[in-house]
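Below you'll find the structure, written out as structure tokens, and then a few comments.
The values are calculated or read from the model by the stated rules, or taken from the named source; none is laboratory data. Everything numeric here is computed off the predicted structure, so don't read it as measured data. Reconstructed Cβ throughout: ideal geometry from the backbone, glycine too, with neighbour counts over all protein chains shown.
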Ligand code: XIL
């Protein structure tokens with residue numbers, strides 16, 4: 001086996017049944033009579049994404065929202081097909097910590113409870129980012145100093161990670177810290193005014209990892225970014241950071257590669273470069289998670305859906321070939337709830353399930369890549 005992991009196949013079989021996926025009608029003593037028994041037939045594990053991925057000790061993830069868990073097909077598809085759940089928004093600073101002394105755990109708690117009920121792991125997202133911040137952080141009553149801002153961030157991380165101690169198995173501690181050229185992004189936590197390490201490279205990231213580790217020593221801690229999928233200036237900077245942290249025993253377990261892409265990503269050169277990138281992080285003893293994959297399209301023609309399916313399949317094939325690639329997660333799972341149409345006008349159709357939870361060619365190609 002290329003990865004360690006527990007076997008939850010029987011649990012998944014039961015979940016597939018709960019989803020009402022397959023029902024065989026068995027006639028006892030002839031079908032003409034009155035006695036009909038309905039015997040559910042479990043879906044073979046290789047016929048769900050999570051079951052097929054489990055055979056390779058790979059977690060199959062999806063970003064999710066608590067507001068839609070009440071929709072039967074949303075919940076049953078998520079539970080049957082995925083072994084990893086990440087709140088799409090509800091653990092972000094502005095939502096989970098909306099007032100200086102106010103935490104709102106209702107939504108993320110519901111997601112964690114759903115995951116536990118369906119034997120899914122939870123990825124926490126995220127603790128340090130410059131987006132979706134509350135007004136008390138971005139427009140404070142009194143201007144922040146590095147000392148007061150450091151106290152606020154350390155309290156936030158201790159509270160949120162502490163609240164989910166033992167329940168969130170991996171955290172995106174720092175989200176999107178790098179610029180495309182590999183320099184550190186200017187943001188409130190880094191240098192405006194920063195928590196005390198402005199101009200000191202990756203020290204802010206290191207501090208956040210150290211605080212998170214203190215709050216839950218067993219959690220796997222990640223730095224997550226976009227545009228660092230292949231060998232380039234940004235992934236080189238992430239790699240240099242990772243090498244430094246591993247050498248100095250800063251608690252980093254891995255890196256997240258977001259993958260908000262379109263089918264033009266799917267070239268032999270990019271796939272080779274991606275494999276080499278994952279491999280070099282693995283050689284440091286780190287894990288690589290594909291964290292926010294979606295493959296946006298301009299239309300849902302058969303040709304576009306086929307190109308999308310090939311993209312998903314090729315990425316899964318690269319991930320499977322790399323021991324370090326331990327989670328394959330999409331940003332949502334149904335086109336009904338995807339951030340793409342509102343953030344990229346004219347684009348959409350980005351996920352493996354369509355608007356009515358039908359399996360798209362991308363779903364089938366992922367499953368094939370997992371056989
Ligand atoms: C996006 C969500 O999908 C949207 O619902 C929200 O309005 C904005 O954020 N990189 C990330 C994610 O790390 O948190 C972002 O999620 C997408 C880009």
Taking residue 114 and the conditions (1) more than 24 Å from residue 215 (Cα to Cα); (2) more than 16 Å from the ligand (Cβ to nearest atom), which numbered condition does it fall short on, given that it satisfies the others?
(1)
Please go through the range 73-120 and pick out each residue that is free of Cβ contacts under 8 Å to residues at least 40 places away in the same chain and under 16 Å from residue 50 (Cα atoms).
75, 85, 115, 117
Qualifying residues in the range 201-219 (those that are in contact with a strand residue (DSSP E or B) (Cβ under 7 Å, 6 or more places away or on another chain) and surrounded by fewer than 22 Cβ atoms within 10 Å (Cβ to Cβ)) - the one farthest from residue 146 (Cα to Cα):
213
Does residue 309 fit the bill of being closer than 19 Å to residue 77 by Cβ and either within 16 Å of the ligand (Cβ to nearest atom) or at pLDDT below 95 (or both)?
no
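Listed here are the residues, each with its yes/no results for (1) without any contact (Cβ under 8 Å) to a residue 60 or more places away in the chain; (2) surrounded by 22 or more Cβ atoms within 10 Å (Cβ to Cβ).
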{"site": "310", "(1), (2)": "yes, no"}
{"site": "313", "(1), (2)": "yes, no"}
{"site": "317", "(1), (2)": "yes, no"}
{"site": "320", "(1), (2)": "no, no"}
{"site": "335", "(1), (2)": "yes, yes"}
{"site": "339", "(1), (2)": "no, no"}
{"site": "343", "(1), (2)": "yes, no"}
{"site": "359", "(1), (2)": "yes, no"}
{"site": "364", "(1), (2)": "yes, no"}
Looking at (1) free of Cβ contacts under 8 Å to residues at least 12 places away in the same chain; (2) within 19 Å of the chain's Cα centre (by Cα), which is the only condition residue 267 fails?
(2)
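Working carefully through the options 262, 294, find the one that is within 16 Å of the ligand (Cβ to nearest atom), under 16 Å from the mean Cα position of the chain (by Cα) and more than 17 Å from residue 170 (Cα to Cα).
294
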The condition from (1) within 13 Å of the ligand (Cβ to nearest atom); (2) surrounded by fewer than 22 Cβ atoms within 10 Å (Cβ to Cβ); (3) closer than 23 Å to residue 52 by Cα that residue 123 misses is numbered (2)
So how many residues does the range 73-95 have that are in contact with a helix residue (DSSP H, G or I) (Cβ under 8 Å, 6 or more places away or on another chain), in a loop (DSSP other than H, G, I, E, B) and either within 14 Å of the ligand (Cβ to nearest atom) or modelled with pLDDT under 95 (or both)?
3
Given the conditions (1) assigned to a loop (DSSP other than H, G, I, E, B); (2) surrounded by 16 or more Cβ atoms within 10 Å (Cβ to Cβ); (3) within 16 Å of the ligand (Cβ to nearest atom), and given that residue 174 satisfies all but one, which numbered condition is not satisfied?
(1)
Taking the criterion of being in a loop (DSSP other than H, G, I, E, B) and in contact with a helix residue (DSSP H, G or I) (Cβ under 8 Å, 6 or more places away or on another chain), would at least one residue in the range 235-247 satisfy it?
no
Subset of the range 183-196, residues assigned to a loop (DSSP other than H, G, I, E, B) and touching a residue at least 12 places away in the same chain (Cβ under 8 Å), comes to 183, 185, 187, 188, 189, 190, 193, 194, 195, 196
For the range 141-171, give me each residue that is loosely packed, with under 14 Cβ neighbours inside 10 Å and part of a loop (DSSP other than H, G, I, E, B).
141, 142, 143, 145, 165, 166
